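To start, the structure under review is shown below, and the notes come after it.
The values are calculated or read from the model by the stated rules, or taken from the named source; none is laboratory data. Given the structure is predicted, the values throughout are model-derived calculations rather than measurements. No Cβ is skipped: glycine too gets one built from the backbone with ideal geometry, and neighbour counts run over all protein chains shown. Only protein heavy atoms, including side chains, enter the accessible area calculation; ligands, DNA and RNA are left aside. Shrake-Rupley method; radii C 1.70, N 1.55, O 1.52, S 1.80 Å.
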Amino acid sequence: MRIVFMGTPDFAVASLAALVNAGFEIAAVVTAADKPAGRGQKLSESAVKKYAVEHGLPVLQPIKLKDPEFVAALKAINADLHVVVAFRMLPEVVWSMPPKGTINLHGSLLPQYRGAAPINHAIINGEKESGVTTFFLKQEIDTGDIIDSRKVSIADDDTAGDLHDKLMAVGADLLVDTVKAIETGNYQEIPQDLSAEIKHAPKIFKDFCKIDWNQPVDVVYNLVRGLSPYPTAFTTLNGKNLKIFKAEAEHKEPGIAAGGFLTDGKTYLKFATKDGFLKLTDVQYEGKKRMTVEEFLRGIRL
């Protein structure tokens, strides 16, 4: 079975590597175009491209997925199946092309957390469980029939980065099993169950990342976890942004106004919320590198 794999970030690399290691024929890899990055604006390759080049896999990097040259090149590959992991929304001319269809690996238990940021929103909402789902693509995003899924537990102190790594590993295994099932025809397509209230996972913008200290401490704590390590929750301190990567929730009456802070200037810095404190442990001040709160306090007067 000839497969075209489509993906861009590290999350997708684990799935591509698992397919290669399982012995599937990867006829081509489609990934994002190289982009200027850093101070020198040197062209940066996607994580998926780096893996593909290292393993001698043909690479396609279309700017537009409807480009006639790209579509023609894709048709010429004559793949049986397209596999999509952490890529862009595909036009119908692409996802409808292979005879066995196009499948996607999504970082949630569909139909919950459809959208661009399922890992972040699951933790932001205080979920205790998440998972990965494989499904067939159709026109509306993340709505296709489910092939299989796996559950993953979320620890109380897991960040989005921690959940990302768990789902990346479990997702790679699930994808291999799904492709094997499609190869043998031993699978069922299950329509997504829309009977429960659906939680969404839209793309996250900067305004969403600013902490509202008038919220309960658990809400603020979950926001910090759900945005760490990227794009990161932040507040303002001395007129500059302070990113918060890790923190602890303290459930006790703050006794000061929400948004105010307490510190000994050496070992702790904690901000008051509606009903408690968020004790910062891992931060990055505007213009500085990421550091522990003790290191931060040594370099600033509050």
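Couple of notes before you dig in:
- Pick from region 97-111, criterion of a type in the set (A, V, I, L, M, F, W, C) and assigned to a loop (DSSP other than H, G, I, E, B), ranking: surrounded by the most Cβ atoms within 10 Å (Cβ to Cβ): 110
- Per the listing 245, 234, 208, the residue uniquely among the hydrophobic types (A, V, I, L, M, F, W, C), closer than 21 Å to residue 163 by Cβ and in contact with a Cys (Cβ under 8 Å, 6 or more places away or on another chain) is 234.
- Taking the numbered list (1) modelled with pLDDT under 95; (2) open to solvent by 80 Å² or more (accessible area, probe 1.4 Å) in turn, residue 54 passes all entries but (1).
- Taking first residues from region 96-118 that are touching a residue at least 24 places away in the same chain (Cβ under 8 Å) and hydroxyl-bearing (Ser, Thr, Tyr) and partners that are open to solvent by less than 20 Å² (accessible area, probe 1.4 Å) and in a loop (DSSP other than H, G, I, E, B), the Cβ contacts under 6 Å between residues at least 6 apart in sequence or on separate chains come to 113/201.
- Within region 56-73, residues that are in a helix (DSSP H, G or I) have Cβ atoms under 6 Å from residues that are open to solvent by 60 Å² or more (accessible area, probe 1.4 Å) in these pairs: 71/93, counting only partners at least 6 apart in sequence or on another chain.
- Strands (runs of 3 or more DSSP E) wholly inside region 208-290 that include at least 2 residues being of a type in the set (A, V, I, L, M): 233-237, 240-250, 269-272, 277-285
- Scan of region 163-198 for residues that are within 16 Å of the chain's Cα centre (by Cα) and open to solvent by 20 Å² or more (accessible area, probe 1.4 Å), ordered by number: 164, 165, 166, 168, 169, 170
Table: residues versus (1) touching a Pro at 6+ places or on another chain (Cβ under 7 Å); (2) open to solvent by 30 Å² or more (accessible area, probe 1.4 Å); (3) on the phi > 0 side of the Ramachandran plot; (4) not β-branched (Val, Ile, Thr).
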site	(1), (2), (3), (4)
24	no, no, no, yes
32	no, no, no, yes
37	no, yes, no, yes
50	no, yes, no, yes
76	no, yes, no, yes
83	no, no, no, no
113	no, no, yes, yes
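- Qualifying positions in region 234-264 - under 32 Å from the mean Cα position of the chain (by Cα) and open to solvent by 50 Å² or more (accessible area, probe 1.4 Å): 236, 238, 239, 240, 243, 246, 248, 251, 261
- Across region 267-288, a minimum of one residue is classified as crowded, with 17+ Cβ neighbours inside 10 Å, of a type in the set (S, T, N, Q) and within 20 Å of residue 239 (Cβ to Cβ).
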